[in-house]
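In what follows, a structure is listed as structure tokens, so that the remarks can point back to it.
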């Protein structure tokens, strides 16, 4: 059985690609160290937000992918990771809050609300704490579709 997706490994790859000038980033108009990259993940549009320092050190990432709608409302899944040197400083919470704000600012006029969903492994206590603070204090027990492992589903409806 495969493990849940390792977002920390994606953060490391993102850091390497940034240093090698292999990715194009767009700065947030609202938040000074927040950048966004648009790309394609197996036919699904993906938005990756990153906190990047002036020395090009990536502190954290939040990755958004389109998911199945909830009812008739658009839903995006989010995964996030913080670089080891920056953990336990509130950065995961901050990147989620700022990236959600930036994402909703960029929504087309005809979309007034969107669901944000995070699937967090049962053993990932630090990510559960962040998801509880930012997304929902009432997670539902679920099974991760990728790894088939027990997890919690955190869902938040965000309005413009």
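Numbers at a glance
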| item | result |
| --- | --- |
| Rg [Å, one decimal], Dmax [Å, integer] - the range 1-96, C-alpha atoms | 13.8, 44 |
| Cα centroid separation - the range 82-100 against the range 4-19, whole Å | 15 Å |
| Mean residue ellipticity (222 nm) of the chain, computed from DSSP H runs ≥ 4 via -39,500 (n - 2.57), nearest 500 | -7500 deg cm²/dmol |
| Sorted peptide list for 117-126, 74-83, 25-34, criterion being average Cβ within 10 angstrom, highest first | 74-83, 117-126, 25-34 |
| Two-site FRET efficiency, residue 8 against residue 143, from Cβ-Cβ distance with R₀ of 22 Å, rounded to 0.05 | 0.50 |
| Distance in nm between pseudo-label sites at residue 46 and residue 97 (7 Å out along the Cβ direction from Cα) | 2.7 nm |
| Dimensionless Rg over Rh [the chain; C-alpha; Kirkwood] | 0.94 |
| Förster radius 30 Å - calculated FRET efficiency between residue 122 and residue 17 (Cβ-Cβ, nearest 0.05) | 0.45 |
| C-alpha center-to-center spacing [the range 130-160, the range 34-53] in angstrom | 20 Å |
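All of the numbers you see were taken from the coordinates with simple rules; none came from a lab. As the structure is a prediction and not an experimental result, all values here were calculated from the model. Note: ideal-geometry Cβ built from the backbone for every residue, glycine included; neighbour counts use all protein chains shown.
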